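First the structure, in the form of structure tokens, and then the observations on it.
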Amino acid sequence: MQTKPILCVLAGAAVALAGAAAQAQDAQGSAGQFYAGRTMDMMIGADPGGGFDIYARLFAKHMGHHIAGKPTIVPKNLPGAGSNKTAQFIYAQAPKDGSVMGAVFSGAIIQPLLGDPKAVQHDSTKLIYLGSANNEVGITVIRADAPVQSFKDLFSKEMISAASASGGSSRDFPSVLNNVLGTKINLVTGYPGTKEMSLAIERNEVQGTGGYLWSSLKTQNPDWLNPAKMKIIVQEAIKGNAELTKMGVPVAIDFAKTAEDKQVMELFYGQLVFGRPYILPPGTPTDRVKLLRAAFMETAKDRAFLEDAAKARLEVDPVSGDEVQALVAKMFGAPENIIARAKEAMIYKKP
């Protein structure tokens, strides 16, 4: 008696599924037509030659193969203001048609939230996220001959640490450790970038640095993995990296004394989940966003891409655009008292 209605329901479902598949195919076809024979720009918010630049250029090399229409992606460096220059360009000036994407530091994403909102001209919640190349972890690294030999030592002994200008991770991360946990990190600021800071450490002008991405250390200073030369004394992230944890490196957030302290550190370290984010302008057509997000994740799993990444000693731990978009919205929706405390914690105060 019920056979006919069930068959009708099944037939209706089949038609609906076929319709959805056709719509998806039409959307891909439409986006593919747009990208066919096109040249895209990858705006990189960093100087040439560093780890961040190497990652972005690798994506530019391989990602076009995974986009319908097979466009050519041209990397272009647009450094300045901790990637805020690139973020501003993507937000307000780049074409909103999916022909331009940006690679920016995670700090440029949280700057409007935890930095001076008057100093930036982009709204991070309105940017569209393709994804992130890494779920990152920051570290504090120090010379093996320094008085500080462990993270616990930092509560009673002073570390002289190289740092960039305000807004850089080498300044902000140690400041948070000092202000929230009570460590004694004395910053020597003004270094242009990691190359200059690394050289200063090698020359023993300073003892180490903080907020250094684990993936960058392995790419740029692999000899620092020798414990007779350098010691990694703490992980700065919401969750520890399995490799570092196996090495016995503690996680800073585990030293939080109160639940509120932990919330402050979780908000600050949230940026590392999207450690190397890629962005599109607000208003980019939905079908092209879907196409590019899928292409980004396919690229991060592509064999040729991963072989090139391994040759360059790059870690790849991709986070999807949907995940990054949701996390950014969550961070910007944090309680006002936690945001206020996180902002205050980023202000460096000499111990």
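No value in this document is a laboratory result; all are computed from the given coordinates. On a predicted model such as this, the values are computed, not experimentally measured, just so you know. As a convention, Cβ positions derive from the backbone with ideal geometry for all residues, glycine included, and neighbour counts pool all protein chains shown.
Some points to look at:
- Remark on Ile128: its backbone amide H falls under 5 Å from those of Leu280, a criterion applied only to residues 5 or more positions apart or on other chains, H modelled at 1.01 Å from N.
- Simple spin-label estimate for Ala144 and Arg203 in nanometres, 7 Å along Cα-Cβ: 2.3 nm
- When Phe52, Phe155 are sorted by how many other C-beta atoms sit within 10 angstrom of their C-beta, beginning with the fewest, the order is Phe155, Phe52.
- Spin-label zone in segment 59-97 - amide nitrogen under 14 Å from a point set 7 Å from the Cα of Ala36 along the C-beta vector: 68-71
- Qualifying aspartates and glutamates (Cα of each under 17 Å from Cα of Lys152; at least 8 residues distant if same chain): Glu236, Asp254
- Here's the list of aspartates and glutamates a cross-link from Lys349 could span, going by alpha-carbon distance under 17 Å and ignoring same-chain residues fewer than 8 apart: Glu158, Asp172.
- Dividing the summed -39500 (n - 2.57) terms of all DSSP H runs of n ≥ 4 by the residue count of the chain sets its mean residue ellipticity at 222 nm at -12500 deg cm²/dmol.
- Fully extended contour minus Cα-Cα distance, from Glu298 to Lys76, at 0.36 nm per residue: 77.7 nm
- Taking amide H atoms as placed 1.01 Å from N in the peptide plane, the amide H of Met230 lies under 5 Å from those of Ala144, each 5 or more residues away in sequence or on another chain.
- Distant-in-sequence amide H partners of Ile44 (H built 1.01 Å from N, under 5 Å): Lys76, Asn77, Leu78, Ala103
- Segment 247-290 and segment 319-336 have Cα centres spaced 8 Å apart.
- Placing a label point 7 Å from the Cα of Asp223 along the Cα-to-Cβ direction, the residues of segment 141-164 with a backbone N closer than 20 Å are 141-146, 162.
- Nearby lysines by direct alpha-carbon distance to Lys343 (threshold 23 angstrom, same-chain neighbours under 8 apart not counted): Lys85, Lys118, Lys126, Lys184, Lys239, Lys257, Lys262, Lys330
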